[in-house]
Amino acid sequence: MISRSVRNPLIAAAAVLGAVALAGQASAQAKCDLTLDPGADQWIIRYNPLEDDAAVRDFDLALINAGKTPCNGRFNVSLRGEPFGLGAPGTSVRVPYAMQDQQSGADITPRSGTSGIVTGAQIHVPKEGRELARIRVAVRPPANLGYGRYTQIAYIALQAANGEVHAERPVTLVLETAPATIIGLKGEFTRQNGIPTISLGDLSQGTRALNTSVYVHSTAGYRVSVTSQNLGKLRQAGTNWSIDYGLQMGARQVNLTAPYSFDVVSARARNDDYPLTVQIGDTSGKRAGDYSDILTFTVAAI
């Protein structure tokens, strides 16, 4: 039989243990409980190197605190051992970029694999509240960057001053370079009513290299098409008089008697020049005057 004097201390001890357990549960609920919501798993920047001056975009990142105490910290970005720079399968190219917390102005670019020690004002997320951060990603594409997707997974974290990570979220940074191409004329030519015009001077039979080139700038492969309004003839306006002629673009002989095209297959960006050469046919017995033709050059990415 247990006496009253023994039972009472046991009951008291049980009550104390219960109080300790409740205190521990309350302490856990009082901690910062943060999640990061980037809005999307991929932060995509679309870039046309032939039209856009820069590849920059701002992204919103929601910080949501479900805890009973505020969350304070600064952003830190890690690459988990991957080399810095946006990459693409099958290429060794690494495209550099910069990341900046727009609220504090802090540079959080993980150039050495992590953004390291970040200074500036801390981000304050109130208890059971939320805060919206804005992060700017500025990509610095190198010249002649080919089209495609260049990516890198960045692990964005809010880190307390003591090094504790409140929350972390991976986001895939993406640069989408559009397939794009342009064509133009450079060298000796004038413009008449906005149309580039090449003077052939006095016509005489034979081959003549012009001081004019067609150029093509493209983010990858392309197709050039050439059409002759007169199907390979220089005609005198208002008459039936004509002179046959041919055209060469670089080393390519162009067939002007029908629509002509050629492809340049490439996975890399291209900057190509095609010097123009004409072959004038027989001019003997032809009526004096001006002879002309209109050539149309077009280009399309492939």
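Given charges of +1 on the Cβ of Lys and Arg and -1 on the Cβ of Asp and Glu, with all other atoms neutral, how large is the dipole of the chain about its Cα centre, in debye to the nearest 20?
Result for the chain is approximately 680 debye, rounded to the nearest 20.
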Worksheet item: When the convex hull of the C-alpha atoms of the chain is computed, what volume per residue in Å³ does it have?
Response: 204 Å³
Practice prompt. Any chance you could look up the accessible area of ASP293 with a 1.4 Å probe, heavy atoms only, rounded to 10 Å²?
Written response: 30 Å²
Worksheet item: Among ALA220, ALA288, ALA55, which one shows the biggest mean-square fluctuation in a GNM of the chain, springs joining Cα atoms closer than 10 Å?
Response: ALA288
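Per residue, how large is the accessible surface of the chain? Use a 1.4 angstrom probe and give square angstrom.
Per residue, the chain has 56 Å² of solvent-accessible surface.
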Discussion item. Over the chain, with a Gaussian network built from C-alpha contacts below 10 Å, which listed residue (ILE195, ILE117, ILE156) shows the highest mean-square fluctuation?
Written reply: ILE195
Worksheet entry | Local electrostatic count at TYR155 - Lys and Arg +1, Asp and Glu -1, tallied over other residues with Cβ under 12 Å | 0
Worksheet item: Carbon and sulfur together cover what percent of the accessible area of the chain at a 1.4 Å probe radius?
Response: 51 percent
Worksheet item: Which of LEU173, GLN253, VAL56 sits closest to the plus end of the dipole of the chain, meaning its Cα is farthest towards the positive end, when Lys and Arg get +1 and Asp and Glu get -1 on the C-beta?
Response: LEU173
Worksheet item: Taking trypsin sites (Lys or Arg not before Pro) as exposed when DSSP calls them loop (any state but H, G, I, E, B) and at most 11 other Cβ atoms lie within 10 Å, what is the longest stretch of the chain free of them, the sites themselves excluded?
Response: 81-286
Discussion item. Given the -39500 (n - 2.57) contribution per DSSP H run of 4+ residues, what per-residue ellipticity at 222 nm results for the chain, rounded to the nearest 500 deg cm²/dmol?
Written reply: -3000 deg cm²/dmol
Worksheet item: What lysines sit close enough to LYS286 to cross-link, taking a C-alpha to C-alpha distance under 23 Å and skipping anything fewer than 8 places away on the same chain?
Response: LYS233
Discussion item. Can you give the local net charge around GLN236? Use residues other than it whose beta-carbon is closer than 12 angstrom to its beta-carbon, Lys and Arg +1, Asp and Glu -1.
Written reply: +2
Discussion item. Rounded to the nearest 5, what % of DSSP beta bridges with both residues in the chain are antiparallel?
Written reply: 95 percent
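Charges only on Cβ, +1 for Lys and Arg, -1 for Asp and Glu: so what's the dipole of region 190-302 about the Cα centre, in debye to the nearest 20? Walk me through the numbers before you get to the answer.
On the way: 10 positive and 8 negative charges, 26 e Å.
Around 120 debye, computed over region 190-302.
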Discussion item. Compute the helix-to-body angle for 4-29: its Cα long axis versus the longest principal axis of the chain, expressed 0 to 90° and rounded to tens.
Written reply: 20 degrees
Worksheet entry | Rounded if a/c under 1.5, otherwise prolate or oblate - region 178-228, Cα gyration tensor axes | prolate
Worksheet entry | Total formal charge among the other residues, if their Cβ is under 10 angstrom from that of ARG169, Lys/Arg +1 and Asp/Glu -1 | -3
Worksheet entry | Alpha-carbon centroids, region 267-302 and region 91-151: separation in whole Å | 49 Å
Worksheet, complete the sentence: Cross-link reach from LYS31 to aspartates and glutamates, straight Cα distance under 12 Å and at least 8 residues apart if same chain, gives GLU128
Worksheet item: So which aspartates and glutamates pass the test for LYS127, namely a Cα distance under 16 Å, with those fewer than 8 places away in the same chain ruled out?
Response: ASP33
Worksheet item: Under the definition of Cα pairs under 8 Å and six or more residues apart, what whole-number percent is the relative contact order of the chain?
Response: 17 percent
Worksheet item: What are the chymotrypsin sites (Phe, Trp or Tyr not before Pro) within region 221-253 that DSSP puts in a loop, where the Cβ has at most 16 other Cβ atoms within 10 Å?
Response: TRP241
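The values are calculated or read from the model by the stated rules, or taken from the named source; none is laboratory data. Please read these numbers as outputs of a predicted model, since none were measured by experiment. Neighbour counts run over all protein chains shown; Cβ positions are idealised from the backbone, glycine included. All accessible areas refer to the heavy atoms of the entire protein, side chains included, with ligands and DNA or RNA removed. Shrake-Rupley method; radii C 1.70, N 1.55, O 1.52, S 1.80 Å.
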